1. Scan the range B:68-100 for residues that are surrounded by fewer than 16 Cβ atoms within 10 Å (Cβ to Cβ), more than 9 Å from every other protein chain (Cβ to nearest Cβ) and among the aliphatic types (A, V, I, L, M) and jot them down.
2. Could you list, ordered by first residue, the pairs with Cβ atoms under 7 Å in which the first is in the range B:45-58 and outside any loop (DSSP other than H, G, I, E, B) and the second is of a type in the set (Ser, Thr, Tyr), at least 6 apart or interchain?
3. Determine whether the range B:12-19 contains at least one residue that is in contact with an Asp or Glu (Cβ under 8 Å, 6 or more places away or on another chain) and surrounded by fewer than 15 Cβ atoms within 10 Å (Cβ to Cβ).
4. Any chance the range B:42-61 includes a residue that's modelled with pLDDT under 90 and closer than 25 Å to residue A:99 by Cβ?
5. Condition test on residue B:78, is it without any contact (Cβ under 8 Å) to a residue 12 or more places away in the chain and over 11 Å from the mean Cα position of the chain (by Cα)?
6. Take the conditions within 25 Å of residue A:3 (Cα to Cα), within 14 Å of another protein chain (Cβ to nearest Cβ) and not in a loop (DSSP other than H, G, I, E, B) and apply them to residue B:11. Does it pass?
7. Counting just the residues of the range A:10-46 that are more than 14 Å from chain B (Cβ to nearest Cβ) and modelled with pLDDT under 90, which one comes out farthest from the chain's Cα centre (by Cα)?
8. From the residues in the range A:82-107 that are free of Cβ contacts under 8 Å to residues at least 40 places away in the same chain and either acidic (Asp, Glu) or surrounded by 17 or more Cβ atoms within 10 Å (Cβ to Cβ) (or both), which one is farthest from residue B:31 (Cα to Cα)?
Amino acid sequence: MKEEQDYIRDLAEIRSMMERSSKFLSLSGWAGILAGIYALAGALISYRLFNFNPGEAVEEAGADNSAAILPKIIGLAVIVLAMAIGTAIILSYKNAEKRGEKIWNSTTRRLLNNMGLPLVAGGILILIALAKGFTGLIAPLSLIFYGLALCNASIFTYKEVKILGLIEIMLGLISAYFTGFQLICWAFGFGVLHIIYGIYIHYRYEK
Amino acid sequence: MKIAINGLHKAFESRIRLGIMSALAVNDMLDFNSLKEYLDVTDGNLASHLKALEKENFIGNKKAFIERKPNTKYFMTKQGKKAFDNHLKELEKIIKKVGK
């Protein structure tokens, strides 16, 4: 005969199993904080060193030095992206190890599948925008599609990710219209918001 | 302390079986290895619990091959869902009663 304590533990375990088997919770708050710092550093470097502040949606050819600095900006963006993803993978791996779980399980696959579609579509669209000279659309597009990816993925991880995604989409739309604020919107969306999100997750779930 | 166990299905007395049902309640389908990982049990142990649940018609399976290796996916049947929901309700009832 089971006792009341057993039933309470049964319920607790049912809940924990439902959560563990359906949500990806290994991404640590630190990954968000570090990704935000990389993004801020990247935005600062592109602004200070390369004097990059995309103003108009369509750059006039030869109007400024955009053609010369564009490859540098793209290189910088790739480095920032690679560092952020690398950090996220390493920290998630460690986190999963600590919980005694494997990082590559069905929830991870589902999360990545759901993030992947908007990210790939957005990434291709950004490359097309680059090729066609619409450099002023890169920041809004990256914010919007990243936000869509987050909203899409939020069912499979912390629910706060959805709010983060919605704010990113909003920032993307704002920066598409108010082109002068693009770099600031981008730095806020990928930098400040990630740091805030990371701190929140860290204190809410990891303490 | 005596607690009435009416409504609590015998199949769910085992924590592992309860765990299998919980995982399948929130996933359309899970393969053997995923279940094994979540529950942290041996192959034989998991297989026998799965078989017991299949016998009750609470879960079903679909066999497929991935790179020539057999891959069995499990899912919850309608009957299983009903029984599991009932079980949860009963558990809640018991705990509420105790709390009074």
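1. none
2. Here the result reads B:49/B:14; B:50/B:74, each pair linking the range B:45-58 to a residue that is of a type in the set (Ser, Thr, Tyr).
3. no
4. So far as the range B:42-61 goes, no, none of its residues is modelled with pLDDT under 90 and closer than 25 Å to residue A:99 by Cβ.
5. yes
6. Spelling it out, residue B:11 is indeed within 25 Å of residue A:3 (Cα to Cα), within 14 Å of another protein chain (Cβ to nearest Cβ) and not in a loop (DSSP other than H, G, I, E, B).
7. So in the range A:10-46, the residues more than 14 Å from chain B (Cβ to nearest Cβ) come out as A:27-46.
Next, only the ones that are modelled with pLDDT under 90 stay: A:27-28, A:46.
Working: A:27: 12, A:28: 13, A:46: 19 Å.
Restricting to residues being more than 14 Å from chain B (Cβ to nearest Cβ) and modelled with pLDDT under 90, the top hit is A:46.
8. A:97
The values are calculated or read from the model by the stated rules, or taken from the named source; none is laboratory data. Treat the numbers as computed from the prediction; the structure is a model and nothing was measured. A quick note on method: Cβ atoms are made from the backbone with ideal geometry, for glycine too, and the neighbour counts reach across all protein chains shown.
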